[in-house]
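In what follows, a single structure is set out as structure tokens and then discussed.
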Amino acid sequence: MTSFREQLEAAVLRRHCANHPLTEKWAKGEVSRNARMGWAVEHYHWVSNVFPCFFEICARAPKDVVRAQLENYMEENDDSHSHLDIVLRFAEVNGADIGAVKKGRGLPTTESWVRFLRSASEEPSWIAGAAALNIGTESQSPMLYSKMLPALRTVYKYKEPEIEHFWLHVEADEEHGGRIYDLLETYCNTKELKEMALHWAYESARMRWFYFDGIYMHYEMGYPLA
């Protein structure tokens, strides 16, 4: 019998960004520097606007879920090691004007993804937000970044500090996602709650794919979405 965790993983795999055309091209060492920069710029705009989701989930969640969410939030916002600064480091090495990035806004596809996650986190049940933010989105990082890393090192020839975001989140997001998988297995104790979690996990993966579509079209293919 398939476990609930396996069902959640399968829902995400249906639209996992590790299989997106942008990632496939990136892994072959064929994606442009402009698209690598654009990926970092859009990731910055996504992360910097999604932080309220943690607190919306916490407002409705049991204490062990609150602890997991707050630990995740604090790790992302550690003053001595900000994950946003790490993303901006990769953007800058690919030609981004950091001042302009901070004053700007994401593509419409990025903003749509943010709105989706904010909406999920405001659902009456915290399970919707956690399934969307932590499972449909965050749990993708180990497979996604493991696919990107070899080309970053051997083809694009970045220095290790420049690609810290990728190797750091292979391990960090595996830990974060694993904790939420365990918590959802504990609290999704009815058919209805399981179906809710599976729905939001899949829809979140689908929206992240759409967000990747925007990066690919705008920065790689030259179709002006901004």
Using alpha-carbon positions, the gyration tensor of the chain gives root eigenvalues a ≥ b ≥ c; with a/c under 1.5 called rounded, otherwise prolate if a/b exceeds b/c, else oblate, the class is prolate
Net charge near T23: determine it from the other residues with C-beta under 13 Å of the C-beta of T23, scoring Lys and Arg +1 and Asp and Glu -1.
-> +2
Considering only protein heavy atoms and a 1.4 Å probe, what is the carbon-and-sulfur percentage of the accessible area of the chain?
-> 52
Per the Debye formula with a single identical scatterer at each Cα and no solvent contribution, what log10 I(q)/I(0) holds for the range 17-112 at q = 0.12, 0.15, 0.17, 0.24 Å⁻¹?
-> -0.49, -0.73, -0.88, -1.21
Pairwise label distance in nanometres, S80 with M221, each label 7 Å out on the Cα-Cβ vector | 4.6
Whole-number accessible area per residue in Å² for the range 92-135, which is evaluated in the context of all protein chains at 1.4 Å | 42
Any idea what angle helix 108-121 forms with the longest principal axis of the chain, computed on alpha-carbon atoms, 0 to 90 degrees, nearest 10?
-> 20
If amide H atoms are modeled at 1.01 Å from N in the peptide plane, then the residues at a separation of 5 or more from A61, or on another chain, having amide H under 5 Å from its own are none
Report the extension gain between F55 and E30 in nm, rounded to one decimal, defined as 0.36 nm multiplied by the number of residues separating them, less their alpha carbon distance.
-> 5.1 nm
Counting only residues 5 or more apart in sequence or on a different chain, those whose built amide H sits under 5 Å from that of G106 are none
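Tell me what the chain gives for mean residue ellipticity at 222 nm when only DSSP H runs of n ≥ 4 count, each as -39,500 (n - 2.57), the sum divided by the residue total, rounded to 500 deg cm²/dmol.
Dividing the helical sum by the residues of the chain leaves -21500 deg cm²/dmol.
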Determine the sum of side-chain charges near P161: Lys and Arg each +1, Asp and Glu each -1, restricted to other residues whose C-beta is under 15 angstrom from that of P161.
-> -1
Suppose every K and R has +1 on its Cβ and every D and E has -1 on its Cβ; what is the size of the dipole of the range 53-133 about the Cα centre, in Debye to the nearest 20?
-> 260
Counting Lys and Arg as +1 and Asp and Glu as -1 over every other residue whose Cβ sits under 14 Å from the Cβ of E92, the net charge comes to +1
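The values are calculated or read from the model by the stated rules, or taken from the named source; none is laboratory data. If you're wondering where the values come from, they're calculated on a predicted model, not measured in any experiment. As a convention, Cβ positions derive from the backbone with ideal geometry for all residues, glycine included, and neighbour counts pool all protein chains shown. Each accessible area value is taken on the protein alone, full model and side chains, heavy atoms only, with ligands, DNA and RNA left out. Shrake-Rupley method; radii C 1.70, N 1.55, O 1.52, S 1.80 Å.
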